[in-house]
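To keep things clear, I will list the structure first and then write my remarks on it.
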Amino acid sequence: MTFDRTPLRSFLNPSGIAVFGASPVRGTLGHGVAQSLAGGDFHRRVHFINPKYTHIGEQPCFAALAQVQAPISLALIATPLAAAPDIIEACGLRGVGAAVVYASGPRESSAHDAENLRLVHAAGARAGVRLLGPRAMGFVLPHAGLNVTPIPKAVPRGNLGFVSHSNSLCASIFDWSHNNEFGFSAVFCPGESLDLELPEILDYLATDVRTETILLYLEGIRDARRFMSAVRAAASVKPVIAVKAGNQAYSARLAGAHSGGGSGDDGAFDAALRRAGVLRVKSIGDMFSAARALANPCKPRGNRLAVVSNGGGSLVIAADCAATLGIDLCALSPATIERLNGVLPASSANGNPVDVQFDTGPERFVGALSACLDDPEVDAVLAVLSPNTFVDPGALAHATIDVARQADKPLLTCWLGEIDASPARAAFAQARIPTFRGADSAVAGFSFVVNWVRNQALLQETPPALWSYQEPDSALARSVIAQALADGRDTLTAAQAGAVLAAFHIPLVPTLAPSARTLRVAIRPDAVFGPVIALSEGGGADAVYGIHSIALPPLNPRLVQEMLDETHMVRLLVIGGMAPGPVRDILLRVSEMASELACLRSLDIRSLRVDAETAVVQDVVIKIRPAVADRVNYQHMAICPYPTQFTNDWTLKDGSVCTIRAIRPEDAAALQGLVRQLSLKSKYFRFFNMVNELPQKLLARYTQIDYAREMTLVATGCRDGAHAILGEANYSILADGKTCEFALVVADHMAGKGLGARLMRCLMDAARQQGLATMQGEVMDDNEAMLAMMERLDFDARLTDDGVVEVSRHL
């Protein structure tokens with residue numbers, strides 16, 4: 001989503017700002033907002049409105065919006081919440097499209113407060129004013145010199161985008177001393193926003209060129225599908241790091257009352273963030289440590305770490321931390337040991353960690369680093385320096401930077417101390433080399449990167465709703481459930497449960513040989529994320545120990561294996577002599593049930609009997625509920641499955657055959673191949689500029705999509721004896737939820753074969769299934785072939801002043 005298309009545009013680049021409730025009285029909300037704006041780049045566009053005052057400082061203050069003659073596009077409402085609806089209505093009449101609602105004064109009773117929130121939201125909807133808030137703290141754009149929070153502090157400029165559900169936490173971060181290590185591209189604190197909230201903010205930050213890493217402090221989520229859609233899109237192009245608070249029952253209630261969102265089960269939230277490619281950390285401090293660790297664009301292939309230090313204590317601390325976090329201090333290769341023996345004293349131990357001795361000089365230290373970085377058994381290297389009189393920390397830092405620039409794997413640094421080490425750390429930060437104050441925090445930083453890489457792999461998994469080689473009889477299962485609902489039941493009988501399991505090819509055997517061990521598999525309804533799949537030890541052990549492997553459907557073999565690879569499950573399967581293959585099959589089929597049966601409230605396989613060869617269900621309880629009518633399939637799930645329904649083979653005008661299907665993450669290389677082979681003219685018509693190829697971030701954005709918010713169809717076939725993408729068509733759903741914007745490109749050698757028209761018809765069918773009403777797009781006025789096709793497809797056309805033809809049609 002470009003800046004011009006984001007619904008935040010009126011907030012981020014306002015033509016004029018009206019501050020309702022502006023005040024000269026210190027300690028008031030209106031005074032804080034006025035002070036924040038007074039020192040910014042937008043101060044000449046700011047207009048104060050408060051009937052109590054004629055001036056605030058040297059600036060005039062108006063009694064009402066109607067008295068302001070200058071253009072206004074953003075309203076800042078620093079009044080009691082009860083006054084906000086009338087102000088919003090007045091803004092709508094004036095054509096002001098955006099407002100931040102802070103809401104001064106104490107909270108009232110919960111019922112009265114909820115009514116005020118409803119009235120504010122309703123006023124915004126009637127007036128056509130997009131709202132951030134109520135009870136927002138606002139936002140800061142440091143690079144633009146725009147601060148619309150009541151905290152008049154200078155926020156350091158940088159590349160971190162920060163979004164917080166807590167006003168107080170956000171304010172405290174403003175008061176930190178970041179020591180030039182961190183700066184922000186944007187800070188958002190939306191409060192209890194019922195209109196513009198996290199998904200829209202994430203969409204903006206994902207495309208903001210100044211934002212390289214996104215930090216989230218979360219307390220709850222209102223709409224899991226919208227959140228997952230936006231955060232997956234953001235995490236596909238830049239690191240997203242999250243702290244999720246409210247992890248226990250009591251704190252979750254506090255968080256829900258505070259943020260207005262739901263927390264659900266913490267295990268489900270954790271699984272959702274992993275699946276979205278997000279790195280979850282425990283604390284705000286960890287969040288910034290993770291951002292520091294991920295600053296290096298070079299990422300490790302695995303978790304094998306080598307540590308080089310001139311201090312024995314640091315090596316012991318690093319080794320302890322690595323063992324705790326599951327980081328492998330790997331054995332060095334014989335060739336590396338030989339190189340180290342050439343630079344280290346004879347008394348040094350041969351192994352990892354590498355002790356270069358307290359009296360090391362730059363040559364010895366850098367030689368050891370180079371040897372470890374060149375070792376194929378090492379995924380990353382940590383350099384730890386203890387200050388002493390034998391080495392200049394700054395000079396050694398610059399030598400280390402030179403080594404890092406020549407390496408193809410990450411180098412992390414830890415220069416201990418403060419006075420002598422501070423310039424070195426500044427140099428590392430400038431060179432985008434992760435640097436830490438302690439060996440333990442550095443190892444933890446590496447573990448953050450390892451987990452992020454792992455989660456990025458999960459993000460690329462886009463399984464279909466149905467996976468198993470034997471297609472289930474979903475219609476039969478639905479008919480059994482429908483009959484039970486008609487009979488007034490909320491729990492299936494044993495016979496009905498057996499029929500539903502049989503429809504999904506899950507064996508149900510009442511008795512079994514005693515050698516089998518017991519697991520428990522469940523589909524549980526989460527308050528936020530819908531159906532969640534849990535795997536644990538059976539026989540009541542899960543209730544005692546509370547240890548589960550949790551995942552969100554839909555699953556595929558890679559995601560199921562991720563569940564089985566969790567440490568406690570590996571031990572359980574090995575000790576019990578249980579075959580993982582049959583368990584994997586059961587989990588895949590349970591995932592199909594969670595995806596296909598919206599009427600299924602919960603499934604509890606309390607006894608899954610597993611031996612060395614088989615896995616069968618011995619005891620099961622299935623609870624059901626009426627399905628909510630919805631035109632969109634899989635609306636009950638937080639993650640939209642891969643849409644296999646759009647896969648079809650088509651014969652073109654020349655008799656050749658192509659397959660049209662939804663794009664997948666693994667199509668990135670083929671899509672890049674299509675772009676590279678396009679003529680300059682075709683590239684210009686598709687991208688409106690002369691790109692040679694797609695940048696990697698944009699390529700990821702095009703291929704790792706959420707099928708609920710956009711659709712990309714590709715036509716695949718054979719070219720020069722190899723598999724290739726022959727054409728691509730995409731639509732993105734706009735803010736109104738009913739309109740989509742399309743784009744289309746076809747390989748030059750496929751022109752005239754009818755592929756473009758076929759892709760467009762398939763794309764329109766997909767949009768109709770999504771419940772969209774209108775499709776629109778922009779075509780260059782000299783793109784005669786595309787304009788002719790648009791006419792044949794019954795699109796209306798309108799020529800604009802800038803040489804672009806706007807085309808649209810009702811679906």
Out of all the residues in region 410-446, which are surrounded by 21 or more Cβ atoms within 10 Å (Cβ to Cβ) and out of contact with any Phe, Trp or Tyr (no Cβ under 7 Å at 6 or more places or on another chain)? PRO410, LEU411, TRP415, PHE428, ILE433, PRO434, PHE436, ALA439, VAL443, ALA444, PHE446
When ALA383 is evaluated against the numbered criteria (1) without any contact (Cβ under 8 Å) to a residue 12 or more places away in the chain; (2) outside any loop (DSSP other than H, G, I, E, B), which criterion, by number, is the only one it fails? (1)
Of the conditions (1) within 28 Å of LEU218 (Cβ to Cβ); (2) open to solvent by less than 10 Å² (accessible area, probe 1.4 Å), LEU603 satisfies every one except a single condition; which number is it? (1)
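Give ALA534, ALA522 a once-over and let me know the one that is in contact with an Asp or Glu (Cβ under 7 Å, 6 or more places away or on another chain) and open to solvent by less than 60 Å² (accessible area, probe 1.4 Å). First the steps, then the outcome.
On the way: ALA534 fails: in contact with an Asp or Glu (Cβ under 7 Å, 6 or more places away or on another chain).
Only one candidate passes the filter, namely ALA522.
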Which members of region 122-131 meet the condition of being open to solvent by less than 10 Å² (accessible area, probe 1.4 Å), of a type outside the set (Val, Ile, Thr) and in contact with a Gly (Cβ under 7 Å, 6 or more places away or on another chain)? LEU131
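Name the single residue that is least open to solvent (accessible area, probe 1.4 Å) among those in region 499-516 being in a helix (DSSP H, G or I) and without any contact (Cβ under 8 Å) to a residue 24 or more places away in the chain.
This residue is ALA499.
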Scanning region 280-290 for residues that are over 22 Å from VAL560 (Cβ atoms) and either assigned to a strand (DSSP E or B) or out of contact with any Asp or Glu (no Cβ under 9 Å at 6 or more places or on another chain) (or both) gives VAL281, LYS282, SER283, ILE284, GLY285, ASP286, MET287, SER289, ALA290
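Taking the stated definitions as given, is LEU294 of a type outside the set (Phe, Trp, Tyr) and either open to solvent by 30 Å² or more (accessible area, probe 1.4 Å) or farther than 30 Å from THR462 by Cα (or both)? Walk me through it before giving the result.
Working: of a type outside the set (Phe, Trp, Tyr): yes; either open to solvent by 30 Å² or more (accessible area, probe 1.4 Å) or farther than 30 Å from THR462 by Cα (or both): no.
No.
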Candidates LEU608, LEU564 - the one that is modelled with pLDDT of 90 or more and in contact with a Gly (Cβ under 7 Å, 6 or more places away or on another chain): LEU608
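β-branched (Val, Ile, Thr) and closer than 30 Å to ARG701 by Cβ: is that true of THR6 in this structure?
Working: β-branched (Val, Ile, Thr): yes; closer than 30 Å to ARG701 by Cβ: yes.
Judged against the criteria, THR6 is a match.
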With the first residue restricted to region 39-61 and required to be in contact (Cβ under 8 Å) with a residue 40 or more places away in the chain and closer than 16 Å to ASN13 by Cα, and the second required to be open to solvent by less than 70 Å² (accessible area, probe 1.4 Å) and part of a loop (DSSP other than H, G, I, E, B), Cβ contacts under 6 Å at 6 or more apart or on different chains are GLY40/GLY145; ASP41/GLY145
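If the requirement is being at pLDDT below 90 and surrounded by fewer than 23 Cβ atoms within 10 Å (Cβ to Cβ), which of these qualifies: PRO393, PRO376, PRO387, PRO334?
Values: PRO393 fails: at pLDDT below 90; PRO376 fails: at pLDDT below 90; PRO334 fails: at pLDDT below 90.
Every option except PRO387 fails the conditions.
Among the strands (runs of 3 or more DSSP E) confined wholly to region 21-89, which include 1 or more residues that are loosely packed, with under 14 Cβ neighbours inside 10 Å? Show your work before the answer.
Values: elements: 46-49, 59-62, 74-77.
Where strands (runs of 3 or more DSSP E) fall fully within region 21-89 and carry at least 1 residues being loosely packed, with under 14 Cβ neighbours inside 10 Å, they are 59-62.
Going by the conditions given, is VAL308 modelled with pLDDT of 95 or more and either open to solvent by 10 Å² or more (accessible area, probe 1.4 Å) or in contact with a helix residue (DSSP H, G or I) (Cβ under 8 Å, 6 or more places away or on another chain) (or both)?
Numbers: modelled with pLDDT of 95 or more: yes; either open to solvent by 10 Å² or more (accessible area, probe 1.4 Å) or in contact with a helix residue (DSSP H, G or I) (Cβ under 8 Å, 6 or more places away or on another chain) (or both): yes.
Yes: the conditions hold for VAL308.
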Flag for GLY577 being surrounded by fewer than 15 Cβ atoms within 10 Å (Cβ to Cβ), modelled with pLDDT under 90 and either small (Gly, Ala, Ser) or closer than 17 Å to PHE529 by Cα (or both): yes
Among the residues of region 555-562, are any out of contact with any Phe, Trp or Tyr (no Cβ under 8 Å at 6 or more places or on another chain), open to solvent by less than 10 Å² (accessible area, probe 1.4 Å) and under 22 Å from ALA627 (Cα atoms)? no
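Which of the residues that make up region 713-746 are more than 18 Å from ASP794 (Cα to Cα) and either in contact with a Gly (Cβ under 6 Å, 6 or more places away or on another chain) or basic (Lys, Arg) (or both)? If you could, list the steps in order and put the result at the bottom.
As a first pass, look at region 713-746 and keep what is more than 18 Å from ASP794 (Cα to Cα): 713-728, 730, 732-738, 745-746.
The answer is ALA715, ARG719, LEU726, LYS738, VAL746.
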If we keep only residues of region 444-463 that are out of contact with any Leu (no Cβ under 7 Å at 6 or more places or on another chain) and in a loop (DSSP other than H, G, I, E, B), then the residue farthest from ALA234 (Cα to Cα) is THR462
Checking ALA234 against (1) closer than 26 Å to ASP208 by Cα; (2) at pLDDT 90 or above; (3) open to solvent by 10 Å² or more (accessible area, probe 1.4 Å), only one condition comes out false. Which one? (3)
Scan region 745-758 and give yes if some residue there is closer than 15 Å to ALA662 by Cα, surrounded by fewer than 21 Cβ atoms within 10 Å (Cβ to Cβ) and of a type outside the set (A, V, I, L, M), otherwise no. no
Does at least one position in region 685-702 carry a residue that is open to solvent by 20 Å² or more (accessible area, probe 1.4 Å), in contact with a helix residue (DSSP H, G or I) (Cβ under 8 Å, 6 or more places away or on another chain) and among the acidic types (Asp, Glu)? yes
Can you name the condition, by its number, that GLU363 falls short on among (1) in a helix (DSSP H, G or I); (2) in contact (Cβ under 8 Å) with a residue 24 or more places away in the chain? (2)
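Looking at this structure, is SER15 closer than 27 Å to SER168 by Cα and either surrounded by fewer than 22 Cβ atoms within 10 Å (Cβ to Cβ) or out of contact with any Pro (no Cβ under 6 Å at 6 or more places or on another chain) (or both)? Reasoning before the result, please.
On the way: closer than 27 Å to SER168 by Cα: no; either surrounded by fewer than 22 Cβ atoms within 10 Å (Cβ to Cβ) or out of contact with any Pro (no Cβ under 6 Å at 6 or more places or on another chain) (or both): yes.
Answer is no for this residue.
Which residues, taken from region 464-485, are modelled with pLDDT of 90 or more and either buried (at least 17 other Cβ atoms within 10 Å of the Cβ) or in a loop (DSSP other than H, G, I, E, B) (or both)?
To start, the set of residues in region 464-485 that are modelled with pLDDT of 90 or more comprises 472-485.
Those that are modelled with pLDDT of 90 or more and either buried (at least 17 other Cβ atoms within 10 Å of the Cβ) or in a loop (DSSP other than H, G, I, E, B) (or both): PRO472, ASP473, SER474, ALA477, ARG478, VAL480, ILE481, ALA484.
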Members of region 764-792 found to be closer than 23 Å to GLY752 by Cα and either surrounded by fewer than 15 Cβ atoms within 10 Å (Cβ to Cβ) or among the charged types (D, E, K, R) (or both), listed by number: ASP765, GLU778, ASP781, ASP782, GLU784, ALA785, ALA788, GLU791, ARG792
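Name the residues in region 776-804 that are part of a helix (DSSP H, G or I) and of a type in the set (Asp, Glu), would you?
In the first step, residues of region 776-804 are kept if they are part of a helix (DSSP H, G or I); the result is 784-792.
Listed by number, the residues that qualify are GLU784, GLU791.
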Scan region 630-672 for residues that are open to solvent by 40 Å² or more (accessible area, probe 1.4 Å), assigned to a loop (DSSP other than H, G, I, E, B) and of a type outside the set (Gly, Ala, Ser) and jot them down. ASP630, ARG631, ASN633, TYR634, GLN635, HIS636, THR647, LYS653, ASP654, ARG664
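The values are calculated or read from the model by the stated rules, or taken from the named source; none is laboratory data. Just so it is clear, the model here is predicted, and its values are computed rather than measured. All Cβ positions, glycine included, derive from the backbone under ideal geometry; neighbour counts span all protein chains shown. Surface accessibility is based on the protein's heavy atoms, side chains included, excluding ligands, DNA and RNA. Shrake-Rupley method; radii C 1.70, N 1.55, O 1.52, S 1.80 Å.
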